[in-house]
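Here's the structure, in structure tokens; my notes come after.
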Amino acid sequence: MAKNKIFKIDLALSYIVSIFEVHGIILNRVERDGEHILFEIYGVDNMLSLEKVFYLHVCSESINIDLITNKSSVKKPLIFSARYRSTSDSLPDLWEFRIYQKDSRGCVYNIFSTVDSLPQKLFDIIKPLDTDIQYEKKIKRLEISNNLKISNLEKETFLLTLDDLQRQLSVFEIKKPLFVEEYGADTKVQLDSFIEKQIIYTYNYYNSIYDYSVEKIDDGKKYNEVLENNKVIKPIIDLCLELASSYMILPIIKEKK
């Protein structure tokens, strides 16, 4: 079908469906590349009678009567098919309907962008397909949106070093007396939400790779490697916990409990 020349047919789909119902066999199967076969018509006489009808309604000049049939392949059926064609976000998606015989010189087609306006016979077949496609597209859009949010969060979030955490603790020690003096001893010292997010991220990361069961490692080399790794990680975790207690960072406090 890829080599067929395509001609626009100026006939209502409801009329085309009624013709195929009289002359053909209704089907409901998917072929390669997502083409959905709706009807097939066998027999040269049946094919030629339809071709004569379509010939009068094709928007093209200088075409022969063998518009959609191939007389050398009489055993191949005349096919009425549908294919979903996705467009850009600014345009509605389309269902493309084609009528052709394999290896014929051309095929005729029509396009509908509103499934609900299809003839009932086509609506019953196409609507469930369209619903599934729209659902899959919605899921994909949600996945893309979610991945974008995660990507943006990762761009904003990074691991704090031991020096970074110690500086935040020094800031707290400076802020605390000022807050106590102005608001009272029970006042929570405010922390920038972005810094708080970094502390939480840093704690979660290092806490997830800290081995709390290093003594269970039998391999001596592995034991020493993990022990050394824990020695580097432990001060960072402890500082995160101290900052969580100082600034009342609840996600870390709850996680520790």
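The values are calculated or read from the model by the stated rules, or taken from the named source; none is laboratory data. Owing to the predicted nature of the structure, the values given are computational and were not obtained by experimental measurement. Virtual Cβ from ideal backbone geometry, glycine too; neighbours counted across all protein chains shown.
General remarks:
- Taking the criterion of being modelled with pLDDT of 80 or more and either within 26 Å of K127 (Cα to Cα) or aromatic (F, W, Y) (or both), the residues of the range 23-53 that qualify are E35, H36, I37, L38, F39, E40, I41, Y42.
- Within the range 201-256, tally of residues that are among the aliphatic types (A, V, I, L, M), closer than 22 Å to K176 by Cα and within 37 Å of the chain's Cα centre (by Cα): 4
- Residue list for the range 199-213, restricted to those being in a helix (DSSP H, G or I) and out of contact with any helix residue (DSSP H, G or I) (no Cβ under 8 Å at 6 or more places or on another chain): Y201, Y205, S208
- Considering residues of the range 203-232 that are touching an Asp or Glu at 6+ places or on another chain (Cβ under 9 Å) and aliphatic (A, V, I, L, M) only, the residue farthest from R167 (Cα to Cα): I217
- Extreme residue, nearest to L243 (Cα to Cα), among residues of the range 162-197 that are among the acidic types (D, E) and exposed (fewer than 15 other Cβ atoms within 10 Å of the Cβ): E173
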